[in-house]
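Q: This is the structure I have questions about; it appears just below.
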Amino acid sequence: MIQPFSLAVHGGAGTLVKGQMTAEKESAYKKALELALDEGYALLKDGASAVDAVERAVTVLEDSPSSMQAKAAFLPPMAPTKWMRPL
């Protein structure tokens with residue numbers, strides 16, 4: 001049966017330098033992507049909202065040391081604008 005939903009994750013937009021990606025790094029990277037998809041999809045399958053599923057998938061990637069999101073998921077220092085509010 002075809003499910004009425006889908007989920008996709010993006011592994012990042014960084015540059016992987018040829019020769020720096022070992023088999024171990026590649027495996028860990030793929031496992032993080034698979035886990036993010038599996039956990040987000042499971043929430044959708046159980047009736048959770050799309051927002052909850054996406055939030056879970058992103059959290060899995062942010063928590064993974066092999067994922068670029070774990071290294072770049074922050075706001076860089078910048079001058080505040082009228083659109084930014086202090087935390």
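The values are calculated or read from the model by the stated rules, or taken from the named source; none is laboratory data. The structure displayed is predicted, hence computed values, not measured ones. Cβ atoms come from the backbone with ideal geometry, glycine included; neighbour counts cover every protein chain shown.
Q: Return the pair list, or none, for Cβ contacts closer than 9 Å from residues in segment 30-56 that are free of Cβ contacts under 8 Å to residues at least 60 places away in the same chain to residues that are among the basic types (Lys, Arg) and in a helix (DSSP H, G or I), at least 6 apart or on different chains.
A: 36/56; 39/56; 40/56; 42/56; 43/56; 48/56
Q: Restricting attention to segment 50-68, which residues are farther than 12 Å from residue 6 by Cα, at pLDDT 90 or above and exposed (fewer than 13 other Cβ atoms within 10 Å of the Cβ)?
A: Correct list: 51 only.
Q: Sticking with this structure for a sec: Examine segment 10-30 for a residue that is surrounded by 14 or more Cβ atoms within 10 Å (Cβ to Cβ), outside any loop (DSSP other than H, G, I, E, B) and modelled with pLDDT of 90 or more, and state whether such a residue exists.
A: No, because not a single residue in segment 10-30 is surrounded by 14 or more Cβ atoms within 10 Å (Cβ to Cβ), outside any loop (DSSP other than H, G, I, E, B) and modelled with pLDDT of 90 or more.
Q: Another one. For segment 70-80, check the following and say yes or no: at least one residue is at pLDDT 65 or above and of a type in the set (D, E, K, R).
A: No, segment 70-80 has no match at all.
Q: Follow-up question, since we're still on this one. With the checklist (1) modelled with pLDDT under 80; (2) surrounded by 12 or more Cβ atoms within 10 Å (Cβ to Cβ) in hand, flag the one item residue 86 doesn't pass.
A: Looking at each condition in turn, residue 86 falls short on (2).
Q: Filter segment 22-44 down to the residues that are over 14 Å from residue 9 (Cβ atoms) and under 15 Å from the mean Cα position of the chain (by Cα) and list them by number.
A: Matches in segment 22-44: 28 only.
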